[in-house]
Structure formats: structure tokens, C-alpha cells
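K.L.:
Shown below is the structure under consideration.
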Amino acid sequence: MKFLDLCKVYIRSGAGGGGCVSFRREKYIEYGGPDGGDGGTGGSVWAEAVDGLNTLIDFRYQQHFFAKNGQPGMGRQRTGKDGDDIVLRVPVGTEILDEDQETVICDLTEVGQRVQLARGGNGGFGNLHFKSATNQAPRRSNPGQDGVERTLWLRLKLIADVGLLGLPNAGKSTFLAATSNARPKIADYPFTTLHPNLGVVGVDNAEFVVADIPGLIEGASEGRGLGDLFLGHVERCAVLLHLVDGTSETVAEDYTTILAELEAYGGGLADKPRITVLNKIDAIDEEARESACKYLEKLSGQHVMMMSGVAGDGVTDVLRALRRQITEDRLRQKPVEEDEPWRP
Ligand SMILES: Nc1nc2c(ncn2[C@@H]2O[C@H](COP(=O)(O)OP(=O)(O)OP(=O)(O)O)[C@@H](O)[C@H]2O)c(=O)[nH]1
Ligand SMILES: [Mg+2]
């Protein structure tokens with residue numbers, strides 16, 4: 001399946017139906033009076049976050065969403081039919097931006113969250129509405145209100161708990177494949193992964209979602225390689241997992257490159273909790289591991305873990321460390337509960 005994380009849609013809500021001018025005409029009934037009904041309301045356009053979607057690909061095939069107009073009112077006091085609403089079903093984590101691609105109109109982060117993007121126009125009043133003691137045969141009615149037309153952008157920021165970071169070939173996809181049932185493409189050339197993958201990882205009865213994104217290279221923030229747009233997907237993660245390839249000759253440089261890109265991207269990514277791991281330890285000897293690890297610890301100022309995604313060494317420890325960070329993050333975000341519930 002193709003992955004799409006930004007797309008443009010055109011929406012329009014329905015116009016209201018016009019009111020009707022009509023008089024009751026029936027045999028033997030004189031002065032039948034006005035009986036023109038009101039117009040129906042136009043349909044609105046909504047967006048709703050739904051479960052089970054993880055790409056905006058549907059909006060590649062359909063970009064125009066026009067709700068139906070309300071029907072005009074009719075004689076014999078009949079009100080026009082309302083136009084049906086239209087609902088854009090989007091994945092959880094979709095931001096809706098205005099035409100300028102900057103102003104955030106809303107951010108749909110929970111399943112079932114709904115927002116109205118364009119309200120349908122009200123129907124006009126028929127002449128029945130305008131009758132009064134002094135004007136018993138009004139010949140006026142209101143037109144319906146116009147619909148609203150908008151151009152919007154949908155931007156998907158996946159909601160994962162853990163974001164994988166690293167240079168191309170660091171073993172990110174291998175790690176995801178080894179720990180979850182996701183099957184990302186793995187190969188020994190850079191930029192194997194071209195779009196983000198999600199996987200559900202389980203450890204000690206807990207489950208969390210890991211996002212594997214394409215590798216970053218020096219200058220990604222200026223658009224080199226695949227650029228750093230994919231970092232948007234790890235913006236909402238609780239913790240970042242930075243994999244450093246142990247077989248690389250320039251371990252320290254690899255580490256600082258990624259860090260520099262994180263800082264260049266901004267958005268508070270560099271301040272997110274981060275776990276640094278020396279990967280591929282099955283391919284290097286004890287001595288090299290120790291020295292690389294020490295070096296990284298000095299650079300990062302925190303504990304550096306070791307693992308091998310292929311052989312499985314240390315993977316569980318890394319998962320446990322991630323889980324600890326996620327629980328802490330969820331606790332941090334949990335609203336403070338009141339001690340004593342209110343009682344009458
Ligand atoms: N020896 C060894 N090789 C590994 C390990 N993990 C990954 N590899 C190899 O490293 C290469 C790249 O792995 P990927 O998982 O595709 O790397 P990636 O970080 O996803 O790379 P991109 O998608 O290009 O950013 C593959 O040939 C893997 O077999 C490991 O723990 N040990
Ligand atoms: Mg990959």
C-alpha cells in the first residue's frame with residue numbers, strides 16, 4: 001500500500017433551499033392564505049477520525065467533497081428536504097490546515113473526534129412565515145443561504161509511542177521486523193525504507209507502537225536524501241530510539257549527524273526523551289563494542305545500550321527501557337484526578 005501524508009482537498013457545503021411563495025387555492029375556500037414552505041438546510045462537511053486507517057491515500061483518488069444543497073420549499077406548507085452531510089474519514093493523527101498550509105484548523109488525535117469544516121447554508125423562509133395581522137397575503141420569501149467553499153490541507157502525523165532514528169542502514173527496519181509483526185523491506189543499501197512503517201511491539205504484557213521512518217543523512221533538513229519531513233511522524237512519540245551502526249568506522253560522527261538534524265528540524269524533537277543504542281554488536285568484537293560505547297556515552301552524557309537486531313542480543317532490554325519511558329510519558333500527560341468525588 002502506498003503511504004501518503006499530505007494532500008489537498010476541496011470542500012463545499014450545500015446551499016440552503018429558497019423559501020416558497022404560494023397561496024392556498026381550493027374550491028369553496030376563499031382567502032386560503034399563504035402556504036409557501038421554508039427551504040431545507042444544505043448539507044455540512046465534517047471530518048472524523050476513524051480507526052483502521054493509516055494513510056491519506058484515499059484522498060489521492062477523491063479530492064472534491066461537495067455536500068448536497070437543501071431543496072426549496074413548496075406550496076401546501078411543505079418544507080424542502082435538508083441536504084445530506086458529508087463526512088471525510090481520516091486516520092487518527094490527521095491535522096487539518098487552512099489553504100496557506102500553516103494555520104491549523106484542528107488536530108484529530110482520538111478515534112471518533114469530529115469537526116465541522118463547512119456548515120451548510122440555512123434554508124430561506126417561505127411566505128407562510130411572513131403572514132401577520134396587517135399583512136395577510138405576503139408575497140415575499142427569503143432565498144437560501146449560500147454554502148461555504150474551502151480548500152484545505154490534510155497532514156498526517158502518525159501517532160506512535162516510539163520513533164526510530166538513525167542513518168540509512170543503521171538497522172531500523174531490521175529492529176522493527178524482529179520485534180513486531182510488521183514486515184518492512186530490509187536490504188544492505190541506503191534508503192531501503194521510503195515511507196514510514198508502523199509495528200506493534202509487545203514486551204512484558206505491554207504493547208506499544210513503533211514507527212520506522214526513512215534514514216536521515218547530513219543535510220536532511222536542507223532536503224538532502226529523503227529530507228526530514230518524515231520527522232513529523234515522530235513528533236508525537238513518547239520516546240525516540242536512536243540506533244547507531246556499530247560496524248561503522250565513524251560511530252561518533254554518525255551520532256552527531258543525527259543530533260544536528262534533530263536540532264535543525266526543531267519542534268522540540270531534540271529535547272524528547274531519547275534512548276541511544278549501539279546496534280549490530282554481533283558483527284564487532286568485545287573491544288570495539290566497549291570503546292564505541294564509551295565514546296557514545298561521553299558524547300551523549302547518558303547510558304548507551306547495546307543490541308543486535310539480527311541476533312536478538314539485548315533487544316528485550318531495549319524494549320523494557322522504551323516501555324519505562326512510555327509509561328512515564330503517559331503518567332505525565334494524565335489529567336490530575338480529584339481526591340474526593342462530589343457527593344450530595
Ligand atoms: N550484522 C548485523 N547486521 C544487521 C543488523 N541489523 C541490520 N543489519 C543489516 O543492515 C542492513 C540494513 O538494515 P535495514 O534494517 O534495512 O536498515 P535501515 O536502518 O532500515 O535502513 P534504511 O531503511 O535504508 O534507512 C541489512 O543488510 C541488515 O541485514 C544487526 O544487528 N547485525
Ligand atoms: Mg529501513
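Please treat every number below as a calculation from the coordinates, not as lab data. Bear in mind that the values here come from a model prediction, so they are computed numbers and not experimental data. We place every Cβ from the backbone using ideal geometry, glycine too, and count neighbours over all the protein chains shown.
K.L.:
Relative to 2.2 N^0.38 Å, what does the C-alpha radius of gyration of the chain come to as a ratio? Two decimals please.
P.N.:
So the chain has a normalised radius of gyration of 1.45.
K.L.:
At q = 0.15 Å⁻¹, what log₁₀ I(q)/I(0) does the stretch 1-156 have when each alpha carbon counts as one equal point scatterer in the Debye sum?
P.N.:
-0.76
K.L.:
For the residue pair Arg324 and Leu299, what label-to-label distance in nm results when each label sits 7 Å from Cα along the Cα-to-beta-carbon direction?
P.N.:
Here the answer is 2.3 nm between the modelled labels.
K.L.:
To continue, here is another question. Rounded to two decimal places and with Rh computed the Kirkwood way over Cα pairs, what is Rg over Rh for the stretch 139-248?
P.N.:
1.28
K.L.:
Rounded to the nearest 0.05, what FRET efficiency do Tyr31 and Asp146 have when you use their Cβ-Cβ distance and R0 = 22 Å? Provide the component values of the computation, followed by the final result.
P.N.:
On the way: r = 36 Å, r/R0 = 1.62.
It comes to 0.05.
K.L.:
If you plug each phi of the stretch 174-185 into the Karplus form 6.51 cos²θ - 1.76 cosθ + 1.60 with θ = phi - 60°, what whole-Hz ³J(HN,Hα) values come out, in order, with x for Gly and Pro?
P.N.:
Listing the rounded values in order: 4, 4, 5, 5, 6, 9, 10, 8, 6, 10, x, 6 Hz.
K.L.:
In this model, which of Lys68/Lys131; Lys8/Lys68; Lys68/Lys157 are farther than 27 Å apart at the alpha-carbon?
P.N.:
Over 27 Å apart, Cα to Cα: Lys68/Lys131; Lys68/Lys157.
K.L.:
Separate question: If packing is taken as the mean number of other Cβ atoms within 10 Å per residue, what is the order of 24-35, 150-161, highest first?
P.N.:
150-161, 24-35
K.L.:
Report, in whole Å, the centroid distance computed from the Cα atoms of the stretch 284-320 and the stretch 133-153.
P.N.:
Computed from Cα coordinates, the inter-centre distance equals 70 Å.
K.L.:
A further question on this structure: Quick one: compute the contact order of the chain, relative version, from alpha carbon pairs under 8 angstrom and 6+ residues apart, as a percent.
P.N.:
15
K.L.:
While we're here: How would Tyr295, Tyr61, Tyr255, Tyr10 line up from fewest to most surrounding beta-carbon atoms within 10 angstrom?
P.N.:
Lowest to highest Cβ neighbour count: Tyr61, Tyr10, Tyr295, Tyr255.
K.L.:
Now, a different point. Using θ = phi - 60° and the Karplus relation 6.51 cos²θ - 1.76 cosθ + 1.60, list the HN-Hα couplings for the stretch 191-208 in order, rounded to whole Hz, with x at every Gly or Pro.
P.N.:
6, 6, 8, 10, 9, x, 10, 10, x, 9, 10, x, 8, 6, 6, 10, 10, 8
K.L.:
Moving on to the next point. Taking H placed 1.01 Å from N in the peptide plane, check which residues at least 5 places from Gly40 or on another chain put their amide H under 5 Å from its amide H.
P.N.:
Long-range HN contacts for Gly40: Gly17, Gln71, Gly73, Gly80, Lys81.
K.L.:
Please list 3J(HN,Hα) in residue order for the stretch 5-11, calculated via the Karplus relation 6.51 cos²θ - 1.76 cosθ + 1.60 where θ = phi - 60°; whole Hz, with x for glycine and proline.
P.N.:
10, 8, 7, 10, 10, 10, 10
K.L.:
Starting from the Cα-Cα distance between Ser291 and Tyr10, subtract it from 0.36 nm times their residue separation and give me the gain in nm to one decimal.
P.N.:
My answer for the length gained is 95.5 nm.
K.L.:
I've got another one for you. Under 5 Å between amide hydrogens, which residues at least 5 positions from Lys157 or on another chain qualify, with H placed 1.01 Å from N in the peptide plane?
P.N.:
Result for Lys157 returns Thr94, Glu95.
K.L.:
Could you compute the FRET efficiency for Phe23 and Leu53, with r as their C-beta to C-beta distance and R0 at 51 Å, rounded to 0.05?
P.N.:
Values: r = 53 Å, r/R0 = 1.04.
Calculated transfer efficiency: 0.45.
K.L.:
Still on this model: Can you work out the FRET efficiency for the pair Asp84 and Ser132, with r the C-beta to C-beta distance and R0 = 22 Å, to the nearest 0.05?
P.N.:
0.05
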